[in-house]
Amino acid sequence: MALKIVGLGLNSYINLMFVPSMIGILTIGLLLYLYFKKDLPSKIPSVSVKWDKAFSCFVQTHLLDVKQQSEENDWKLFKMSFAIVILTRASFFALTPFGVPLELIGMVGAFLLILLRWYKTKTGLSDIVKKTPWHALLFAFNMYVLVYGLKNVGLNDYIVSNLKPLIMDSPFNATMIMGILLTILSNLFNNLLEVMIGTLSITEMGLDPHLVQIAYLANVIGSDIGALLTPVGTLATLIWMYILKKHSINISWGKYLRVTFLIIPIGLIVSLISLYFWTTGY
């Protein structure tokens, strides 16, 4: 939706964003490695492998599993599913230039995965419905209602009137200001919602089309990298913490924030500066 608003196709988006995003990811990866270096084991713990008579095969226990289970891993099913995921992702780039909607491609990929799973395991959708963290999705929906209400009472108008004079003639200001703004808003309300607020705001400023695209890409970096500052910034983080808790791995807010407040601001600034230089040709 946002790409269409700012006049970018998926492939043109990749051309502008791939290098800055990779620099940001590598920066964050390096910082995480340095932060946790002293905690990384010099030797990977061994995993016990035993012969299971019931399945007539060797089984092993995952290191994060609390309960040991003797289940045969269907690697053929895994490889077929992985191939469908890769094919779906590749189709985003191959088919969208011909006008095929992204959402249709994603729906077909999801349907194929469900169909393959049913064919191989005779398992329907009931467990997917039961295991889905509906409370996290409900949270995202409530945040959407809240933010859309703020838009209706003048949030976009306030952003446009106050930021337009600062960014209308400066790609650097547009990059840094919109990236930092979306970081703050995403951590307050969730990034899925704020990227739309930011996108609608910059399109109402009457900026040069290229500057609109730069500001939008800064929005994406702020709502993707900057949003990792707190657990509520991204829906993915909320689901990640939910899954860890189910496996008795408790990551407290304090422990999470001690890491992110050191690493994410650096990764954010490096990514935004990389975006500025990459998109302006410096």
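The values are calculated or read from the model by the stated rules, or taken from the named source; none is laboratory data. Please read these numbers as outputs of a predicted model, since none were measured by experiment. A quick note on method: Cβ atoms are made from the backbone with ideal geometry, for glycine too, and the neighbour counts reach across all protein chains shown. SASA here: full protein model, heavy atoms, side chains in, ligands and nucleic acids out. Shrake-Rupley method; radii C 1.70, N 1.55, O 1.52, S 1.80 Å.
Miscellaneous remarks
- Looking only at residues in region 118-127 that are open to solvent by less than 70 Å² (accessible area, probe 1.4 Å) and assigned to a helix (DSSP H, G or I), the one that is modelled with the lowest pLDDT is Asp127.
- Within region 239-256, the presence of a residue that is touching a Gly at 6+ places or on another chain (Cβ under 9 Å), modelled with pLDDT of 90 or more and not hydroxyl-bearing (Ser, Thr, Tyr) is excluded.
- Ile202 being among the aliphatic types (A, V, I, L, M), buried (at least 24 other Cβ atoms within 10 Å of the Cβ) and at pLDDT 85 or above: yes
- When Leu64, Leu31, Leu77, Leu112 are checked against the criterion of being open to solvent by 60 Å² or more (accessible area, probe 1.4 Å) and either at pLDDT 80 or above or within 20 Å of the chain's Cα centre (by Cα) (or both), a single residue qualifies: Leu112.
- Count - residues of region 156-180 that are touching a helix residue (DSSP H, G or I) at 6+ places or on another chain (Cβ under 7 Å) and open to solvent by less than 40 Å² (accessible area, probe 1.4 Å): 10
- Across region 128-155, the qualifying residues are those that are among the polar types (S, T, N, Q) and in a helix (DSSP H, G or I), and the one among them that is surrounded by the fewest Cβ atoms within 10 Å (Cβ to Cβ) is Asn152.
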